[in-house]
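The values are calculated or read from the model by the stated rules, or taken from the named source; none is laboratory data. Small disclaimer: the values here were computed from a predicted structure and weren't measured. Ideal geometry is used to build each Cβ from the backbone, glycine not excepted, and the neighbour counts take in all protein chains shown. Quick note on the areas: whole protein, heavy atoms, side chains included, nothing else; ligands and nucleic acids left out. Shrake-Rupley method; radii C 1.70, N 1.55, O 1.52, S 1.80 Å.
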Amino acid sequence: MTITLIILAATITLFISGRIRADIVALAALTLLILLGVLTPEEALAGFSNPVIIMMVGLFVVGGAVLQTGLAKLVSQRILAIAHGSDTLMFLLVVLVTASIGAFVSNTGTVALMMPIIVSMAAQSRTNTSQLLMPLAFASSMGGMMTLIGTPPNLVIDETLREHGHEGLEFFSFLPLGMICLAVGVLVMLPLSRIFLRKKQRNTGDDNSKSLDSLADEYNISHNISAFRIGKRSSIAGKSVSQLNLRAEYGITILEIRNEKSRHNTLLRNVTQDLPTPQRTLAEGDILYLHGTSEQITRFAEESRIDHQETSGLDFYDLGIAEIVVMPQSRLVGQTLRTLRFREKYEVNVLGIKRADEYLSEHLPETKFHAGDVLLIQGRWDNINNIGSDENGWVLLGQPKEMAERVTLNYKAPLAAAIMLLMVAVMVFDFIPVAPVTAVMAAGVLMVLCGCFRSVASAYKTINWESIVLIAAMMPMATALEKTGTSELISHSLVASLGTISPMILLAGIYFTTSLLTMFISNTATAVLMAPIAYSAAAEIGVNPMPMLFAVSFGASMCFASPFSTPPNALVMHAGNYTFTDYIKVGLPLQIIIGIVMTLVLPLLFPF
C-alpha cells in the first residue's frame, strides 16, 4: 500500500510540474509498479487492451475523417452562422450541442465527433481552440448525466438498486439533476475558460507557408476559370489534347481534366483529376477546367458544343500546386519550357512565373527563365514532391506532402456523414446487437476503405498516441489501488467517520470521496467500488439510499481536475495544448462547486 501511494504521489507531482511529458510519466509509474511487484505484467498491460482505449483509437480515426472530408467545416459554419460573431453565444452553442449529444452517445464518442468541428470552427472564427476544447470535454460529461445510458456510473447505481430489490431507474431519472449540473457548469466554465485558457496556439511550423487557395489567387489562376462538361453532342469527344491546339487556336489553357462518378444518390461519389497531357484522350463525361478570357472560352465552348458547369475554382484532390525557385547555377536559366520539354520530363505544368513583382502567364512555353524566377507548377502530388529532390538547380517551396494531407476531400462528406450517423445509431439503440467498441472500429475501417482519407498513413496520423498511452498506462493504477486495499481503506474510513454525524455530512463525504478517487482511477471503477459502500452506509443509519447512490454517480462523472480522470479530458489535452495545471485551474473549481450544489440539491429531490 505504501509503495503504491508513493508512486501515485510522485506521478501527480510530475504531472503538475509539466517538466516531463504526461505519457512518459504514466509509463514510468506503470513500469515501477511492475518492477516492485505491485502489479503483474498482465495486470499492468491490461489497459492497452481495454475496450475504451480501442474505442478512443477508432474515434480519433472517425474524427479525422470528419475533418478531412470537410464535414466538420460544414457543421461549424452552421454554428458560426447562428452565433453571429458572438464568442459567448458560440461558447453556449458548443456546450449545449455537446451536452445534448452526450446524453445519448458515450462522452468519449461525443468529444471525438465534436472535436474536429470545434477545431474547424475556431480556425474560421480565429478563436483560440484552447478556450473551447476543455469546455467541450466537460460538457460531454455533463450531458452524460441527463440519461440512464449517458455514462457507465449511472448504470452502476441502477444495477446496485436492482440487486437490493428496488425498482430500476427510468431513462430520464437523471434529467433534472443533469440540467442543474449543466446550468452550473455553464455559469462557472464561461468566466474560468476566458481567464485561464487564453494561451497561444500550438505552433505547427506551417505559419509561413502559403495556402493552396492563396497561391492560386496570387498568380491570378483562380480567376477566369470556367468548367465545361463534354456531353453526347460535343465535337471534341475522342480527340486528344494536342489535337485541340487550344493555346494557339484560342489562347486558352486546360488546367485539369476531371471525371466525377456518383452512385446511390451521390452518396458514393468518386472524383479523379488528370493533367492535360498531349496524348490524353477526351471522353464523354470529362469536365475541362479552362483558363483564359471569357470571350476566348465562350468561342471555344460554342464551337465544341460543351456544357457549362458551375464551379467555385480549383480543387486539389489528386492534383496540387507549388512553387519552385530557379537558382543562379540552374541549367534552366536562359532556357524555355518548350526546349526543356519540362512537362514531359517532370510530369508537371507551369501555370505562371513570378519575376520580381511581375506575374507572367502569357506565352509561357516561349518565355526564357531568369535566375530568381519563381515558377508555379501543377501536377500530381507525388510528382510535385519528387521534383523537390531533383538536382536541377531549383528549390521547392513549402511541404507538398503535408499540404496534400491537409486537402479537404469534400466530395466524400456525405459518405463520412452516413458512416458517422450509422455508428452513432448503433451506439444509441440497445436493440442493435453490436458492442459500441465494435461499431467504432467498423466506422474507422469504413472511413479508410471508402476513401475518406488520402492514404492509410493519413488515417494513422489522426490518432493522438500521447493521449492513448496516457490513459492506457494510468488505468492499471486503479488495479494497484484496489489490489493493495488502498481504495477500500480510504472509502470505509471516511464513510465510517462521517456517518455518525448526520445524513447530510455522510452524503457530502460519499460525494467528495468518490470525486477524489476518480481523479486517480476511472470513473466506472470508482462507481463500482463506492456504490455498495454508499448503499450499506445508508442502510446502517436508516436513510433513503437514493441520494447516496446519486452522489456516487455524480461524484464519479463530474471529475474535471485531472486530464486522465475521464477519457474526454485526455482526448482534448494535446489538441488544446493543455498542461496538468490547466485542468486544476478550471476543472477543480468547477468540480468543487458542482459537488457543493449536488450535495444541497440531492436531499431536496430524494429526501432522506
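Below are the figures for this structure:
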item	result
Calculated FRET efficiency for the pair residue 249/residue 395, C-beta based, R₀ 35 Å, to 0.05	0.45
Inter-centroid distance (Cα atoms) of segment 454-482 relative to segment 271-326, Å	45
For segment 266-385, with +1 on Lys and Arg beta carbons and -1 on Asp and Glu, the positive-most of 334, 317, 383 along the dipole	334
Shape box of segment 414-462 [Cα atoms, principal axes, largest first, Å]	35, 21, 14
Value at 222 nm in deg cm²/dmol, rounded to 500, when DSSP H runs of n ≥ 4 in the chain each add -39,500 (n - 2.57)	-18000 deg cm²/dmol
Charge dipole (the chain, unit charges on Cβ, about Cα centre) - positive-most of 292, 449, 605	292
Per residue Cα convex hull volume in Å³ - calculated over segment 217-334	141
Assigned charges on the beta-carbon of Lys, Arg, Asp, Glu; segment 118-261 dipole about Cα centre (debye)	820
Three principal axis lengths of segment 1-80 [C-alpha, angstrom, descending]	54, 30, 17
C-alpha center-to-center spacing [segment 34-88, segment 533-581] in angstrom	20
GluC sites (Glu not before Pro), loop per DSSP, at most 11 other Cβ atoms within 10 Å - longest free stretch of the chain	392-608
Fraction in percent of alpha-carbon pairs per bin - 10 Å, segment 132-180	27, 45, 21, 6, 1
Assigned charges on the beta-carbon of Lys, Arg, Asp, Glu; the chain dipole about Cα centre (debye)	780
Coarse-grained scattering of segment 49-118 at q = 0.13, 0.23, 0.25 Å⁻¹, given as base-10 log I(q)/I(0) from a Debye sum over alpha-carbon atoms	-0.40, -1.02, -1.11
Förster radius 51 Å - calculated FRET efficiency between residue 50 and residue 280 (Cβ-Cβ, nearest 0.05)	0.45
Hits among aspartates and glutamates - C-alpha to C-alpha of residue 368 under 19 Å, sequence gap 8 or more where chains match	323, 344, 357, 358
The chain - percent of accessible surface contributed by carbon and sulfur, probe 1.4 Å	60
Value in Å of the Kirkwood radius, where segment 288-354 supplies the Cα pairs that are averaged	15.2
Unit charges at the beta carbon, dipole of segment 1-126: most positive-side option, 58, 94, 45	94
Overall Cα dimensions of segment 469-608, principal axis frame, Å, largest first	47, 32, 19
Neighbourhood net charge (14 Å Cβ-Cβ; Lys/Arg +1, Asp/Glu -1) for residue 151	-2
The chain - accessible surface per residue (Å², probe 1.4 Å)	44
Assigned charges on the beta-carbon of Lys, Arg, Asp, Glu; segment 225-307 dipole about Cα centre (debye)	300
Residue 360 versus residue 20: modelled label distance in nm, points set 7 Å from Cα along the beta carbon direction	6.0
Nitroxide proxy distance, nm - points 7 Å out along Cα→Cβ at residue 434 and residue 92	3.7
